[in-house]
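Single-structure report; data block below.
The values are calculated or read from the model by the stated rules, or taken from the named source; none is laboratory data. Just so it is clear, the model here is predicted, and its values are computed rather than measured. Here the Cβ positions follow ideal geometry from the backbone for every residue, glycine too, while neighbour counts run over all protein chains shown.
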Amino acid sequence: MSPATCSVAAKVISTETRKFEVAHIFKEHGEAYRAKHPMPLRYKNIMRDIELCRTEYFGGHIDKCDTCGFERDNYNSCRNRHCPKCQTLAKEKWLEARKSELLPLGYFHNVFTFPHDLNPLARYNAKVIYNLLFAAVSQTLKEFGLDPKHIGGRLGFIAILHTWDQHIKQHIHLHVIIPGGADRKSTRLNSSHIPLSRMPSSA
């Protein structure tokens, strides 16, 4: 490994600090937890990927500074979508893309919760249940928006699925971000010129 000779490479080295991560918890307590709590194979695979992310298990590569030629050996990421370590960049890119779609309106945040009594169905039929939840919320909002008694236009929205609460208990719900207006005429939303109907706050 060659010595750092430019400010960019030096900054990379100086900012490297060991942080406490989810992977550390899984490595310390994961085996005992899995022994006491049966779980689907896909959950075990997720835990394995997070535990082994950026280790020799996934191989490695060499990063090289274009300015000074400084080289550093790095292990590859697991690329599991549940891994907090390697999804940070993807999350930031996604957020930036959504910011470019913002409309000149206020926004509402609504939460739609799946009945807890039906949680056992979702444990082994997750894809079916989650798709049904998305479809039900989508249909509800579209019908609400088109109803002239409320808004009388096409609503747009973004829905994000969460499956656990802050105490890591199963709590299936959708966080939905809804613009405070609706498209009345155009067949496709265009942020530069939209005939909008403002959403009343009481709706």
Q | Options LEU105, LEU52, LEU133; residue that is touching a residue at least 12 places away in the same chain (Cβ under 8 Å), in contact with a Phe, Trp or Tyr (Cβ under 8 Å, 6 or more places away or on another chain) and assigned by TED's automatic domain parsing to the domain that holds ILE177 | A | LEU133
Q: Output the number of residues of the range 21-33 satisfying the condition of being part of a helix (DSSP H, G or I) and closer than 15 Å to LEU52 by Cβ.
A: 9
Q) If we keep just the residues of the range 146-183 that are surrounded by 15 or more Cβ atoms within 10 Å (Cβ to Cβ) and assigned to a loop (DSSP other than H, G, I, E, B), which is modelled with the highest pLDDT? A) PHE157
Q) In the range 73-121, how many residues are touching a strand residue (DSSP E or B) at 6+ places or on another chain (Cβ under 7 Å) and either polar (S, T, N, Q) or within 30 Å of LEU52 (Cβ to Cβ) (or both)? A) 7
Q. Based on what the data block shows, is TYR43 farther than 28 Å from ASN125 by Cα, among the hydroxyl-bearing types (Ser, Thr, Tyr) and not assigned by TED's automatic domain parsing to the domain that holds LEU161?
A. no
**Q.** Contacts under 6 angstrom Cβ, first residue in the range 153-181 being farther than 13 Å from PHE114 by Cβ, partner loosely packed, with under 15 Cβ neighbours inside 10 Å and of a type in the set (Gly, Ala, Ser), 6 or more apart
**A.** GLY180/GLY106
